[in-house]
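*Asks:* Have a look at this one before I ask anything.
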Amino acid sequence: MIIGGGPGGYEAALVGAQLGGEVTLIEDRGLGGSAVLTDVVPSKSLIAVSGVMSRARKSNEMGLVYEAADSRGKPLVKVDLMKVNASVKALAKAQSDDIRHRLERDGITLIEGRGRLNGPHEVIAETATGEVRLPADYILVSVGTRPRTLPDAQPDGERILTWAQLYDIDEIPERLIVVGSGVTGTEFANAYDALGVPITLVSSQPQVLPGQDPDATKVLQALFHERGMDLVLGSRAVRAHREGNGVVVTLEDGREVLGSHVLMAVGSIPNTHDIGLTEAGVILKPSGHINVDRVSRSSAQGVYAAGDCTGVFPLASVAAMQGRIAMWHALGDAVEPFNRAEVSSNIFTNPEIATVGVTQDDIDSGRVRGIGVTLPLASNPRAKMLGFKDGFVKLFCRPSTGNIIGGVIVAPRASELIHSIAIAVAEQINVDDFAHDFTVYPSLSGSIAEAARRLHGHSIELLNQQITL
Ligand SMILES: Cc1cc2nc3c(=O)[nH]c(=O)nc-3n(C[C@H](O)[C@H](O)[C@H](O)COP(=O)(O)OP(=O)(O)OC[C@H]3O[C@@H](n4cnc5c(N)ncnc54)[C@H](O)[C@@H]3O)c2cc1C
């Protein structure tokens, strides 16, 4: 029995069926979960449009001539946000339908409704036609999270919005206030700015993307300034209310920020209440997330959990892997426990910021013995041809063996480029082997190989030191 049809749940269902299990999946909103319906798929579709828009607006620097220009001499390109929103929602729906077909084809029983545990070996599904009791050898809970809201900033779906409501607004914001500079807030601020919407980004943190690679956030923050974004950092928003045709966001120190709309991106809370978890012996963390081990087992025998509701790493890719691991483990297949060090992730801004493995902070704090090299991309020929100068490749390796243990890429399509470093981390490839493999000329990946080349020899000598070349 699987409760929740997001990536954690549906990927597990597919593996469960592949291994010969009799699988039932209960989902209360739509297959694909928040990932497909409101989070990953719509946001990345919107960001794809914003990327086209930024390239169009920059293209005059590369010699393209547009008939009309705005007051800053930039090509006059406008967005039909209603059309973009409609296409984003259609894409999400199509993806959800594809998932349904795949699950049906693989013989998985689908139930529309809300699931809850009745002990560790029974699930009760509340459906439109009543309650169904479903016995289970194993239960996988993958119920995800929902946007956190502040008591004095309740979303109304019109002007005070969560990210799930953004695609339903029927006008282009005159000024969008984004509250929260974590990944979600930063990605939306970047995307709407590129679409021509004036942005005020409010955050209690002193910088955008707290906790991310400091060099990467420096690059992005400088670009946000350059693009004219209004950054109100180190200021906690405590209230948002409507006034006339706009919204007012009140900061902790009493200052007010005015806009036409506000997006509240202040985190998520797990959907783990009222579904019989603690009664079934499942221990929750104080945050409400489910405590799991590296093979997705909860504290109750036979009950597994995967995805955002575990609070391990809020990524669709991690949810999917935790779900698969749960099934491999439960159904007796070979299983490799989840390894956080191998997770690659990406922030879909312009430029993108992709990371894998150990971080700069791990090395600076002495938690991990490693050395690093940072290579600016400004001198990369392909970057020049693409009209791109802000970004870098950073590579970390073990001082003793030269094995690659992590990396950061700030570049267009960093999400695609990080894969070679992710493989190197997972397969313990050393900088010399990595550097000896061919890359295309000219290419951004050439700089990754070059970074590995620069670490040759240094790896043994420069213990615990960061070298910037
Ligand atoms: C704006 C945004 C952008 C993001 N972009 C990315 C990205 O680019 N890449 C990435 O890897 N991650 C991204 N994420 C994170 C990603 O969305 C989550 O990690 C992913 O959705 C987690 O999957 P899940 O299966 O745990 O939960 P979900 O996708 O939330 O699915 C859980 C499902 O369970 C259902 N459910 C809940 N309770 C019950 C119940 N009792 N009975 C039945 N059904 C129930 C819910 O309705 C939901 O449909 C993004 C998140 C946000 C907010």
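The values are calculated or read from the model by the stated rules, or taken from the named source; none is laboratory data. What you see is a predicted model, and the numbers here were worked out from it, not measured in a lab. As a convention, Cβ positions derive from the backbone with ideal geometry for all residues, glycine included, and neighbour counts pool all protein chains shown. Calculation scope for accessible area: heavy atoms of the full protein, side chains included, ligands and nucleic acids excluded. Shrake-Rupley method; radii C 1.70, N 1.55, O 1.52, S 1.80 Å.
*Asks:* Trypsin sites (Lys or Arg not before Pro), restricted to the stretch 40-94: which are DSSP loop and have at most 10 other Cβ atoms within 10 Å?
*Replies:* Those satisfying the criteria are Arg72, Lys78.
*Asks:* What is the ratio of the Cα radius of gyration of the stretch 82-186 to 2.2 N^0.38 Å, where N is its residue count, to two decimals?
*Replies:* Scaled against compact globular proteins, the figure is 1.46.
*Asks:* Here is a further query. So, taking all protein chains as they sit and a 1.4 Å probe, how much accessible area belongs to Glu61, in Å² rounded to tens?
*Replies:* Ignoring ligands and nucleic acids, Glu61 comes out at about 120 Å².
*Asks:* So what J values fall out for the stretch 164-172 if you push phi through Karplus, 6.51 cos²θ - 1.76 cosθ + 1.60 with θ = phi - 60°, rounded to Hz, Gly and Pro as x?
*Replies:* After applying 6.51 cos²θ - 1.76 cosθ + 1.60, I find 6, 9, 4, 7, 9, 6, 10, 8, 6 Hz.
*Asks:* Find how much the distance from Val238 to His273 grows on full extension, using 0.36 nm per residue of separation minus their present alpha carbon separation; answer in nm with one decimal.
*Replies:* 10.1 nm is the gain from fully extending Val238 to His273.
*Asks:* Return the calculated 222 nm mean residue ellipticity for the chain, to the nearest 500 deg cm²/dmol, obtained by summing -39500 (n - 2.57) across DSSP H runs with n ≥ 4 and dividing by the residue count.
*Replies:* The helix-only estimate for the chain comes to -9500 deg cm²/dmol at 222 nm.
*Asks:* Report the accessible area of Met53, computed with a 1.4 Å probe over the heavy atoms of all protein chains in place, in Å² rounded to the nearest 10.
*Replies:* 20
*Asks:* Rounded to whole Å and ordered largest first, report the semi-axes of the equivalent ellipsoid of the stretch 351-468 derived from its Cα gyration tensor (root of 5λ).
*Replies:* 22, 14, 13
*Asks:* Separate question: Could you work out the relative contact order of the stretch 351-468, using alpha carbon pairs under 8 angstrom and six or more residues apart, expressed as a whole percent?
*Replies:* Relative CO of the stretch 351-468 lands at 35 percent.
*Asks:* Moving on to the next point. Return the distance in nm (one decimal) between the two label points of a simple spin-label model at Leu19 and His436, each offset 7 Å from Cα along Cα→Cβ.
*Replies:* Here the modelled spin labels are 3.9 nm apart.
*Asks:* Would you compute the Debye intensity of the stretch 1-147 from its alpha-carbon atoms alone, equal scatterers and no solvent, and pass along log10 I(q)/I(0) at q = 0.12, 0.16 Å⁻¹ to two decimals?
*Replies:* Each listed q maps to, in turn, -0.60, -0.85.
*Asks:* In whole Hz, what ³J(HN,Hα) sequence does the stretch 369-382 give by Karplus (6.51, -1.76, 1.60; θ = phi - 60°), x for Gly and Pro?
*Replies:* So the J values, rounded to whole Hz, are 7, x, 10, x, 9, 10, 10, x, 8, 4, 8, 6, x, 5.
*Asks:* Quick check on the chain: what are the equivalent-ellipsoid semi-axes from the Cα gyration tensor, as sqrt(5λ), descending, whole Å?
*Replies:* 37, 32, 21
*Asks:* May I ask for the net charge around Ser420, where only other residues with Cβ less than 11 Å from the Cβ of Ser420 are counted and Lys, Arg are +1 while Asp, Glu are -1?
*Replies:* That sum, taken over residues with Cβ under 11 Å, equals -3.
*Asks:* Determine by what factor the alpha-carbon radius of gyration of the stretch 110-167 differs from 2.2 N^0.38 Å, reporting the quotient.
*Replies:* My calculation over the Cα atoms of the stretch 110-167 gives 1.61.
*Asks:* Show me, for the stretch 128-143, the HN-Hα J-couplings you get by feeding each phi into the Karplus relation (A = 6.51, B = -1.76, C = 1.60, θ = phi - 60°), rounded to Hz, glycine and proline as x.
*Replies:* 4, 9, x, 8, 10, 9, 10, x, 8, 6, 9, 10, 10, 9, 9, 8
*Asks:* Where a Cα-Cα gap under 20 Å defines reach, which aspartates and glutamates qualify for Lys285, not counting those fewer than 8 residues away within the same chain?
*Replies:* Correct list for Lys285: Asp274, Asp293, Asp308.
*Asks:* Now a separate question. Using a cut-off of 30 Å between alpha-carbon atoms, which lysines can reach Lys44, once sequence neighbours fewer than 8 places away in the same chain are excluded?
*Replies:* Straight-line reach from Lys44, under 30 Å: Lys58, Lys74, Lys78, Lys83, Lys89, Lys93, Lys218, Lys384, Lys389, Lys394.
*Asks:* Ok, one more. Compute the separation of the alpha-carbon centres of the stretch 249-288 and the stretch 55-110 and state it in Å as a whole number.
*Replies:* 29
*Asks:* Near Gly8, within a Cβ-to-Cβ distance under 12 Å, what is the net charge of the other residues, with Lys and Arg +1 and Asp and Glu -1? Don't skip to the answer; put the middle values down first.
*Replies:* Details: positive: Arg324; negative: Glu11, Glu27, Asp308.
The answer is -2.
*Asks:* For the chain, calculate the relative contact order in percent as a whole number, restricting contacts to Cα pairs under 8 Å that are 6 or more residues apart. All intermediate terms of the calculation are to be shown ahead of the outcome.
*Replies:* Numbers: 1028 pairs, mean separation 66.8, N = 469.
It rounds to 14 percent for the chain.
*Asks:* I need to check one value: relative contact order of the stretch 160-266, counting alpha carbon pairs closer than 8 Å and at least 6 residues apart, in percent. Walk me through the numbers on the way to the answer.
*Replies:* On the way: 205 pairs, mean separation 39.9, N = 107.
Computed value for the stretch 160-266: 37 percent relative contact order.
*Asks:* Same structure, new question: Excluding Ile169 itself, what net charge comes from residues whose Cβ is under 15 Å from its Cβ, given Lys and Arg +1 and Asp and Glu -1?
*Replies:* -2
*Asks:* What are the semi-axes of the equivalent ellipsoid of the stretch 133-208, taken as the square roots of 5 times the eigenvalues of the Cα gyration tensor, listed largest first and rounded to whole Å?
*Replies:* Working from the Cα gyration tensor, I get semi-axes of 32, 16, 13 Å.
*Asks:* State whether the stretch 319-399 is rounded, prolate or oblate according to the following rule on the C-alpha gyration tensor (a ≥ b ≥ c being the square roots of its eigenvalues): a/c under 1.5 gives rounded; otherwise a/b larger than b/c gives prolate, and the remaining case gives oblate.
*Replies:* oblate
*Asks:* For the stretch 124-174, run through the trypsin sites (Lys or Arg not before Pro) and keep only the ones in DSSP coil with at most 15 other Cβ atoms within 10 Å of their Cβ.
*Replies:* In loop regions of the stretch 124-174 (DSSP not H, G, I, E or B), the sparsely surrounded trypsin sites (Lys or Arg not before Pro) are Arg148.
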